[in-house]
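Each reported figure results from applying straightforward, stated rules to the coordinates on display, with no laboratory input. None of the values given here were measured: they were computed from a predicted structure. Cβ coordinates were reconstructed from backbone atoms using ideal geometry, including for glycine residues, and neighbour counts include every protein chain displayed.
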Amino acid sequence: MSLRSAARRYAAVLFEVVQAKSDLAKVEGELQSFVTLVESHNELQAVLAHPAISALKKRELIETILDAVPDLSPEVRRLLLMLAERDRLGSVQDVAAAFTERLMAHRKVMDAQIVTASALPEGQRAALAQALSSAVGADVRLKESVDPSIVGGIVARVGSVVYDASLTRQLEKMRQQLLARA
């Protein structure tokens, strides 16, 4: 089983357990906080990734860290200790991402990657978010990037669907039509 699929399984089990009795957003925040903690300490990353350090020692270290966190959900604590016992703390970032993905699906929220030739004004951004939400039947969170090479218009990716309304694409279509007629 790949690390990503294992991470998805851990996240799915955590989601099912937490959904019934806890605050999903709190659990998501706790997972992200732990990921941020690990990413911000190079020494901690090195210890957790070092193959010569036993899983038991890693578990003890994680337990010490978690003891210092007030109001940590028991489910998150158990998950992190279980990952430490199984020497899978390297996948905690994937578990957190999979949990967030699952939570967004539960809330019917999708990310939309949009590319424009220049930054969109707030009014246009809100209208675009509304139009994409209507098209996909879910709330859409925009993640915007600017690429002057598309000249004008917009390219939006929501899930696996790409809406390409860029000027570059329109010009390419016109060129192909003209060549087809010639």
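The table below lists the values:
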read-out	value
Gained length - residue 144 relative to residue 170, 0.36 nm times residue gap less alpha-carbon distance	7.3 nm
Choice from 16, 75, 28 showing the highest fluctuation, given a GNM over the chain with Cα pairs closer than 10 Å	16
Length gained when the stretch residue 23-residue 5 is fully extended (0.36 nm per residue, less Cα-Cα span)	4.0 nm
Reachable lysines, given that their alpha-carbon falls under 27 Å from the alpha-carbon of residue 21 and they are not under 8 places away in the same chain	108
Neighbour-count ranking [beta-carbon atoms within 10 angstrom, fewest first] of 61, 167, 79	167, 61, 79
Fewest-first ranking of 21, 58, using other Cβ atoms within 10 Å as the exposure measure	21, 58
Segment 134-160 and segment 1-28: distance between their alpha carbon centers, rounded to Å	28 Å
Under-5 Å amide H pairs with residue 154, H placed in peptide plane, nonlocal only	165, 166, 167
Shape call, segment 3-105: gyration tensor on alpha carbons, a/c limit 1.5	prolate
Residues 116, 100, 64, sorted so that the one with the fewest Cβ neighbours within 10 Å comes first	64, 100, 116
Reciprocal mean inverse distance between Cα atoms of segment 109-181 - Kirkwood radius, Å	13.0 Å
Per-residue ³J(HN,Hα) for segment 152-159, Karplus 6.51 cos²θ - 1.76 cosθ + 1.60, θ = phi - 60°, Hz, x for Gly and Pro	x, x, 8, 10, 10, 10, 10, x
